[in-house]
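Have a look at the structure below before the remarks.
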Amino acid sequence: MKRYLTIIILFLISTLISAQMVEHNHTEGKCAHAISKIPRTLDHLYNWQSKFLDYYDVKFYFLDIEVSNSSTFVSGNVTIEAVSTFDLDTLAFELIDAHTIDSVFFNDELYNTYTRLGDNVLVPVNKIDKGTPFTFRVYYHGD
């Protein structure tokens, strides 16, 4: 009898020690990206992205790149087909600072004016309404 009682007590202790604490923050029905009031220590790693990146929903990517196995130089272009999720007058995309932008086309129209904020590129474009499909192409090169 002592043996069974000892096994039961050890089992209960091991269960209590290895149990995980579950916090219920009443987040039922919210997605993982919902704004939370709980401070997150790694937010500074993600808050560098432009809010304009959320202004469209990408439907298709086409990458046309030229690379070599003897250098780190890359040149090419990317074509993106998307649908605006807001009224859009600023196109945003990411391209590392080391790459030079040769040209940006938005709905087959060339745009020469853009602003770089780190890896974020902001291009003022002719306004399109929410729900409008569009295409943009970026030509670039660099190491």
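Residues in the range 59-89 that are closer than 14 Å to THR132 by Cβ and touching a Gly at 6+ places or on another chain (Cβ under 7 Å): VAL83, SER84. Exactly one residue out of ASP119, ASP97, ASP102 is in contact with a His (Cβ under 8 Å, 6 or more places away or on another chain) and either of a type in the set (D, E, K, R) or within 17 Å of LYS59 (Cα to Cα) (or both): that is ASP102.
Of the residues making up the range 62-79, just one is farther than 19 Å from SER103 by Cα and in contact with an Asp or Glu (Cβ under 6 Å, 6 or more places away or on another chain), namely THR72.
Please go through the range 57-79 and give me each residue that is part of a loop (DSSP other than H, G, I, E, B) and of a type in the set (D, E, K, R), ordered by number.
None; the set is empty.
Do we have ASP64 as of a type in the set (Asp, Glu) and either within 20 Å of ASP143 (Cβ to Cβ) or surrounded by 11 or more Cβ atoms within 10 Å (Cβ to Cβ) (or both) here? Here the answer is yes, as ASP64 does meet what is asked.
Computed from the coordinates by the stated procedures, all read-outs in this text should not be read as laboratory data. Small disclaimer: the values here were computed from a predicted structure and weren't measured. With ideal geometry, Cβ positions are generated from the backbone for all residues, glycine too; neighbour counts draw on all protein chains shown.
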